[in-house]
Amino acid sequence: MDRAPLPPTSSDAPLGARERIVAEALRLGFEAVGFARADRPLDADFERYEAFVAAGKHGEMGWLASLPEARRRLDGEHVLPGARTVVCLARRYARAVEEPDVAATAQGIARYARGRDYHNGMRKKLRKLAALTRTLGDDVRARPLCDEEPVLERAWAARAGLGFVGKNGLLIVPGVGSFVLLGEVVTTLAIEPDPPIPERCGACTRCLDACPTSAFDAPFVLDPRRCVAYLTIEHRGAVDEPLRAGVGEHLFGCDDCQTVCPFNATRSRRVGGAVDPRFAADPRWAGVEVADLLALDDDGFVRLREGSAIGRATRAGLARNAAFVLGNRGDEAAEPALERARTAHDSAIVRDAAGWALERIRRRR
């Protein structure tokens, strides 16, 4: 239930505060800014979250099942005592859907992870915006968030009118698309909230139809346990055989439900300017073949993951994914590398995946 409005305090926003925050956010490189009330908890969204966990759809992501912890941070008060406003921000990480100059191996990596890890750059920008916010009134407090707290950031962004949630479950920012990173600044400053944006997907189901593993139970309802992004990043064990072909050529993550979205096609024409070089594909991938990942040792993996998000998949997970890619390609030239992985890799899941890939290649031949 919504709380009653808080009485005016010394943290009520002075004239022009909203405009100054928006101007600073745009100067820092954010494409969209929205404001939501922090003193109204996201009860309806949490009910959906509870149903998601109760159905076991979180899979191996055990931290998502910590409901008391998540419940404690449903509203801004637990993030920052006295919070009145959540400033929601979006920053794009891909300008064009097609990136023909990316190395072949890097094309199997989700766009957000092809370059340097985004967290440090985002945190610096959010800290600067929080610092500006603190100057806008007496005793104003502001806390920047970039994965520091288990907040329902997509729900906050939708409430703030930053965008709307599409049928693929991702936030779509009109004129910008869904290839965006989200961040927040929670503040005691009371700023007039923005109205939510109505959902605009209409009858379109391109994202649902494009999913290679049919991971959507219904529009807006994803089962991560079948999602290629989950399988190639978060899942640590063997992948169920019926899903392996659906992994396709994805090494780390999947953008399929985004690349077909008309809002992203529109965005590539409407949004100009260069993307931050941090998000450009890391040149390290230029000399790496998919088959090389099968024999990657600990030192090699450390060098490859340094400053990158791919470390999330683990060395064995990346090798397992590489075996799936080679098997799905039907790459006969990779048979010697797959045979070595099948017999000698130190991970049972990699040995299993390599055996599957060899069988798939030989069946095709």
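The values are calculated or read from the model by the stated rules, or taken from the named source; none is laboratory data. Small disclaimer: the values here were computed from a predicted structure and weren't measured. Cβ coordinates were reconstructed from backbone atoms using ideal geometry, including for glycine residues, and neighbour counts include every protein chain displayed.
For this structure, a couple of remarks:
- Of the residues making up region 309-325, those that are β-branched (Val, Ile, Thr) and either within 21 Å of the chain's Cα centre (by Cα) or surrounded by fewer than 20 Cβ atoms within 10 Å (Cβ to Cβ) (or both) are Ile310, Thr314.
- Residues in region 165-222 that are small (Gly, Ala, Ser) and farther than 20 Å from Ala90 by Cα: Ala190, Gly202, Ala203, Ala210, Ser214, Ala215, Ala218.
- Top-ranked residue in region 334-345 [being without any contact (Cβ under 8 Å) to a residue 24 or more places away in the chain and not β-branched (Val, Ile, Thr); ranked as surrounded by the most Cβ atoms within 10 Å (Cβ to Cβ)]: Arg342
- Condition met for Gly246 (touching a helix residue (DSSP H, G or I) at 6+ places or on another chain (Cβ under 9 Å), closer than 19 Å to Met61 by Cβ and either at pLDDT 95 or above or outside any helix (DSSP H, G or I) (or both)): no
- Here the condition is being modelled with pLDDT of 90 or more, out of contact with any Phe, Trp or Tyr (no Cβ under 6 Å at 6 or more places or on another chain), surrounded by 19 or more Cβ atoms within 10 Å (Cβ to Cβ) and not in a loop (DSSP other than H, G, I, E, B); of Ala70, Ala90, it holds for Ala90 alone.
- None of Val228, Val290, Val302, Val260 is without any contact (Cβ under 8 Å) to a residue 24 or more places away in the chain and either over 16 Å from the mean Cα position of the chain (by Cα) or surrounded by 19 or more Cβ atoms within 10 Å (Cβ to Cβ) (or both) except Val302.
- Scanning region 326-349 for any residue that is at pLDDT below 95, outside any helix (DSSP H, G or I) and over 24 Å from the mean Cα position of the chain (by Cα) turns up at least one such residue.
- Scanning region 259-303 for residues that are modelled with pLDDT of 90 or more and in contact with a Gly (Cβ under 6 Å, 6 or more places away or on another chain) yields Phe263, Asn264.
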